[in-house]
Amino acid sequence: MERRSFLQKLLLVAAGLGLSPGWLRGRAERYGQALAAGSRKLAVLIGINRYLGEGSALQGCLTDVELQRELLLYRFGFDPADILTLTDGAATPAGIQSAFAEHLGGQGHTAETVVVQFSGYGQWRLGSAPNCWQPVLLLSGSEGVAAMELDSFFRLLEGLGTAQITTLLDCGFTYVSPSVRGNLQLRSRPPAAISDSSEPQRVWPSPPKGLLISATTPQDLAAEAAWPGFYAGVLTYLLTQYLWETTPATRLLVAFNQVVSRRELGLFACQRPTLEGQDTARRIHPYFLAPTQAGVSGVVQEVLGNRAQVWLGGIPSAALCGLQPGTLLVPIPADPSASSPTPLLMRSRSGLLAQVQMASPEGQLPPVGTPLREQLRGLSSTLKLLVGLEENLGRIEKVDLTNAIAGYSWMETANPRERQVDCLLGRITPEMAAAFRSDTLLKPLEVNSYSLFWPGRELLLNSCGPAGEAAAMAVQRLAPRLAHLLAAKRLRTTLNAVSSSLAVVAELAVKGKAAKAPPLAARLVQSVASAPAEVGMQRFMRGDPLHLTLCNNSDQHLFGYLLLIDPTGQLHLLAPLPQDNFTTPLRLEAKSSLTLPPLPEVDGELRSAVSSDLLTCHAQGLTELLFVASTRPLSASLEALKAMARRLGVARSPMLLNGPLEWTQTLLEELTQRAPEGDPDLRWLDPAQSITLSLTYLLV
């Protein structure tokens, strides 16, 4: 019996017996969830890296399939036999039609939930009508690339026997050269034919039943990216990573909004994920299912003798690049009252896969499927900045830049198609100068000058130099900016909103306006049940009186810093306030909250001392807040800030950090502890003693 039919009949019985509808509805819903958990869940996951006859192959589509499969197996309780994967040569039109008919259609009438994913190329093609383009999915064919009209794919979904369908399209349809952009490769191909019209009509089919999550809009771009040790679609990786760490109470629209608000998507402004069926998404859990546990870091995937293989799907992407062997993971017992299990010690890691063993001789390895959470995160104190060199540079230029960068011990060059880089260094071409013409630029870009770009080739503001600049001089000029990028990278390796037991929640809001940004972290300490007022990354006007409210729901006092990373990539200290002479770090009392900047009606003494546009006084573009806090007083980093303020003569916020690498190194040493043995550079971050939260928004 379908759950909806069951609930309706049960409510009719309630009316006949005179029971309270509200009382019964709550119990019926709980029973309905149990009924859904026991019903059949089916999935078809399609990923194509290699197309016959195509020279440039994708690298992340098979990883997308793996990411979804591990999530469905260990987070949403799918049976392995109920997940069908079609990869590369098996992903033909006939293979997909057979999968729908036999795997989904033949059993779909008994399935409560269906998940379908496609990762590969999309394309616009001329349809039967003149000057009319329609979107197609590019599939494998016996003699080359085959195509399936997106409308035909949607009709297959319409024929399934359940409405609880989640469809994910991690591909694009619009193509703009070049296809490779630093760390990113587009998942779209140029139009298959030239239209007679300069602006042909593009016909997008009506969405299918259920929920449709697309990597981008029909007119924008979609890409896969190089992550720390692997390639994957930007949407698929960010979505699955969030669903590993989210709480059972999270609604799909909340989860989607959290994903599209991630910094990684903000740095590639050409990709804008979409969600069809938002009214439904406000009410239901992701995939129409609720995970059985709160956020987890990973799961035991395989046990071999005295070693086990662990899937680290829940580690934040920004933290994954710094995760080192020596990390301790603790199994999460099914019974919360059970004694604490013996932690597992990470011996090695490749991408999302880690090899672990018992941290002590006592105990035994947990069985496959056991969820894990970080107990102590191993971090390197010497993490470097990886700089990619743009393709438009000549061979001799690349050698000169590589040699100049090698003169700095804290950064090195890397191939953006082989490793995840933190930024790109290249020349401004005439096309770039025209494309980046904007009111946000202080002056027009100098063609042929050296500049920095984000990993997706978005210009890093105010980094362009003069024309004719020598390579070595360009690196010397950009070194202070690159130091800020590395300082921020090292701080992001401490992001632990889910694994930290310190119950901190933060919220952004413009005073006098109802619109609110998504909470920085509420996934463990309280469920996020209410849907956001707006979908997508939050936008605020420059100069708006934006306020951040921090709530400490734990029993411990916290000491920390509020930092801002502006669109130029530079780090600013927002709190504590220099005008307070740095007598103490930002102090967040137990079971209390504070607002930054302070509201005048709350603290009249600070009415004239603190500007109301503290969070919106920087250049237009992507802005990130970092809240870093500890149960310890952080006295060494505070003294360093006091000395910095005296040296710079700064007496008001915000304060641009001078020597950011030195200061963040001091702070990281206070946040962490040296591991007792092994690598002398290894530091342990204890989530019970520190917490780091991140939030991004756009200033317009």
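Summary table below
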quantity	calculated
Count - residues of the range 383-406 that are open to solvent by less than 70 Å² (accessible area, probe 1.4 Å) and under 16 Å from Leu482 (Cβ atoms)	11
Selection within the range 82-119 - open to solvent by 60 Å² or more (accessible area, probe 1.4 Å), among the small types (Gly, Ala, Ser) and modelled with pLDDT of 95 or more	Ala94
Flag if Arg683 is open to solvent by 40 Å² or more (accessible area, probe 1.4 Å) and among the basic types (Lys, Arg)	no
Listing of helices (runs of 4 or more DSSP H) fully contained in the range 51-170 that carry 2 or more residues being in contact (Cβ under 8 Å) with a residue 60 or more places away in the chain and among the charged types (D, E, K, R)	61-74
Exclusive hit being at negative phi and surrounded by 23 or more Cβ atoms within 10 Å (Cβ to Cβ), set Gly266, Gly313	Gly313
Members of the range 142-184 found to be of a type in the set (D, E, K, R) and surrounded by fewer than 21 Cβ atoms within 10 Å (Cβ to Cβ), listed by number	Glu143, Glu149, Asp151, Arg155, Glu158
The range 578-594, residues that are part of a loop (DSSP other than H, G, I, E, B), open to solvent by 60 Å² or more (accessible area, probe 1.4 Å) and under 16 Å from Asn553 (Cβ atoms)	Glu589, Lys591
Selection within the range 474-520 - at pLDDT 95 or above and charged (D, E, K, R)	Arg477, Arg481, Lys489, Arg490, Arg492
Matching residues, the range 334-347, being within 18 Å of Leu376 (Cα to Cα) and open to solvent by 50 Å² or more (accessible area, probe 1.4 Å)	Ser340, Arg347
Residue that is surrounded by the most Cβ atoms within 10 Å (Cβ to Cβ), among those in the range 613-664 that are polar (S, T, N, Q), closer than 23 Å to Leu550 by Cβ and under 28 Å from the mean Cα position of the chain (by Cα)	Thr664
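The values are calculated or read from the model by the stated rules, or taken from the named source; none is laboratory data. All values reported here derive from a predicted model rather than from experimental measurement. Please note: Cβ atoms are built from the backbone with ideal geometry, for glycine as well, and neighbour counts cover all protein chains shown. With ligands, DNA and RNA removed, areas are computed over all heavy atoms of the protein, side chains included. Shrake-Rupley method; radii C 1.70, N 1.55, O 1.52, S 1.80 Å.
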